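Everything below concerns the one structure shown next.
The values are calculated or read from the model by the stated rules, or taken from the named source; none is laboratory data. Predicted, not measured: the structure shown is a model, and the values here were computed from it. Here Cβ is always computed from backbone atoms with ideal geometry, including for glycine, and neighbour counts include all displayed protein chains. Just the protein is used for accessible areas: all its heavy atoms, side chains included, with ligands, DNA and RNA removed. Shrake-Rupley method; radii C 1.70, N 1.55, O 1.52, S 1.80 Å.
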Amino acid sequence: MTTYDYDLFVVGGGSGGVRAARVAAGYGAKVALAEEYRFGGTCVIRGCIPKKLLVYASRFRDDFEDAIGFGWSDTAAKFHWPTLIANKDAEITRLEGIYRSLLEKAGVRAMTGRAELVDNNTLIVQPGNRRVTARIVLIATGGRPVLTEIPGIGHAITSNEAFHLDQLPASMIVVGGGYIAIEFACIFQAFGVATTLLYRGPKILRGFDEDLRDALTAELTKRGIDVVCGTEIAKIDKGWTGLKAELTDGRSVNAGQIMYATGRRPNTAGIGLEAAGVRLGESGQIAVDAYSRASAANIYAIGDVTNRVNLTPVAIREGHAFADSVFGNRPTLVDHELVPTAVFSTPEVGTVGLTEHSARQRYAKLDIYKARFRPLKHTLSGRDERMLMKLVVDGESDRVLGCHVLGPDAAEIVQVAAIALRLKATKADFDATMALHPTVAEELVTMREKWQPPVETAGAKAAEQEADCR
Ligand SMILES: Cc1cc2nc3c(=O)[nH]c(=O)nc-3n(C[C@H](O)[C@H](O)[C@H](O)COP(=O)(O)OP(=O)(O)OC[C@H]3O[C@@H](n4cnc5c(N)ncnc54)[C@H](O)[C@@H]3O)c2cc1C
């Protein structure tokens, strides 16, 4: 019988890889893991966690402004970006240490270096040309930002660099219409950077419920973010005073910095997948079956490199399910339906389940419930910000299919609503749930009137389309 150095070798020490390694080791497997950059991966080092810290920092601006209506004075405060970045970096270093020690405590051999397959069971880890063999290999290499190939793109940054800017520019163009672009636009704008959010599609936040997309666009615009859709940058020039972006519609915009958040691509290059006969899918992701097994029998892949649902909790769940299935003798599937998700914009978005549009393709009759209102807090703060709550309900079974929230604490609200949707709660269950007063979330259990679409005229439709952007 062939003997190997390890039962499992994990390539990538991010959310998914670390979880898989620890759980497999807990089942008694001999496990090693290689990480080429920093333990913790995208989420901890340059994703969810540092981003949420910047989001918290950015929201103090609202608190200082809102306090005045509640009787506070002298609320003018100064913000110092280098202090925030230094404190954030210290916390990330602490977390990185925790990730590394979690692996070591679990008995996983944690290696710093870049791993590459040379055949199905053999890997080389650089630097040092370390050769290791393993019975099972798990690829958990995540993804990376992609930049559009245009002249001058070298002057632009991505979210990776945005976390480490020495100082804030006076103005910024954030390119993209997805959650990362929107979140960074809100962060920069709150710190006083004149921010343009530039998106080539007709409306930001593709794939989200239309009402959320419209309401968020309106709120961002009210906050002073210049939301420009339907155009993109053709060329970037660097001058004495900053960058100049020439747009495809003929206009040009000047900015101190340009950040691209136009998508991410699975990290599959240069890791020897061809040598091991691992097949890639259409978007360059590792193609896997429901148990995360790749086309080569002893190779598995989880997380962003498989491009299923690219979120941290999903990568963690996939890593755990892989270890349960392969080393715990407990075949476990991951349910990729009903994944709650958030956009940590200000105001924030939380969503779970079907959008109205996707529900209409699958269900014959829908009932829609919507509330758009000013939260109690803003009656005294005077802030012109409106909350949106929306439920998409199957008109036949009464089951709640989708829950969409825009406003303060939307992500926290939707995390809990996700339990109800998973338990197949009906609208009658929502109605029978006692309200918790006074909260904004109580609106979810007090919406009684079904929403009726307004009678549409040709003129109204044209005006609505025009208002989508700008
Ligand atoms: C700015 C930003 C904000 C985000 N915000 C959120 C959020 O709010 N909520 C959320 O759920 N998700 C968020 N995400 C997504 C989330 O970070 C990812 O879905 C998650 O990190 C995926 O985990 P993973 O284990 O698949 O890969 P990763 O965490 O990317 O880990 C992969 C690791 O593999 C390493 N690696 C790659 N190749 C090799 C090699 N050959 N050898 C050794 N090591 C290698 C990399 O250095 C990396 O550390 C955000 C992402 C970004 C970029």
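Of the residues making up region 14-36, those that are assigned to a helix (DSSP H, G or I) and either crowded, with 16+ Cβ neighbours inside 10 Å or without any contact (Cβ under 8 Å) to a residue 12 or more places away in the chain (or both) are Ser15, Gly16, Gly17, Val18, Arg19, Ala20, Ala21, Arg22, Val23, Ala24, Ala25. On the stretch given as region 305-320, residues that are more than 7 Å from the ligand (Cβ to nearest atom) and hydroxyl-bearing (Ser, Thr, Tyr) total 1. Consider region 85-113 and keep the residues that are away from the ligand (no atom under 16 Å from the Cβ) and within 30 Å of Phe60 (Cα to Cα). The one that is most open to solvent (accessible area, probe 1.4 Å) is Arg94.
When only residues in region 142-159 that are β-branched (Val, Ile, Thr) and in a loop (DSSP other than H, G, I, E, B) count, which is surrounded by the most Cβ atoms within 10 Å (Cβ to Cβ)? Result: Thr158. For beta carbons closer than 6 Å, sequence separation of 6+ or different chains, a first residue in region 160-189 that is open to solvent by 10 Å² or more (accessible area, probe 1.4 Å) and a second that is modelled with pLDDT of 95 or more and among the charged types (D, E, K, R), the qualifying pairs are Asn160/Arg46.
Comparison of Thr158, Thr133, Thr148 shows that the only residue that is touching a Phe, Trp or Tyr at 6+ places or on another chain (Cβ under 6 Å) and closer than 25 Å to Thr42 by Cα is Thr158.
Screening Ala418 against (1) under 25 Å from Thr221 (Cα atoms); (2) touching a Pro at 6+ places or on another chain (Cβ under 7 Å) leaves a single unmet condition, (1). Are any residues in region 385-399 in a loop (DSSP other than H, G, I, E, B) and under 27 Å from the mean Cα position of the chain (by Cα), and if so, which ones? Glu385, Arg386 - these are the residues of region 385-399 that are in a loop (DSSP other than H, G, I, E, B) and under 27 Å from the mean Cα position of the chain (by Cα). Can you pull out the residues in region 68-78 that are modelled with pLDDT of 95 or more, open to solvent by 90 Å² or more (accessible area, probe 1.4 Å) and assigned to a loop (DSSP other than H, G, I, E, B)? Matches in region 68-78: Trp72 only. Suppose we keep only residues that are open to solvent by less than 10 Å² (accessible area, probe 1.4 Å) and not in a loop (DSSP other than H, G, I, E, B) within region 402-416. Which one would you say is nearest to Arg362 (Cα to Cα)? The selected residue is Gly402. Inspection of region 37-45 finds no residue satisfying the criterion of being in contact with a strand residue (DSSP E or B) (Cβ under 8 Å, 6 or more places away or on another chain) and part of a strand (DSSP E or B).
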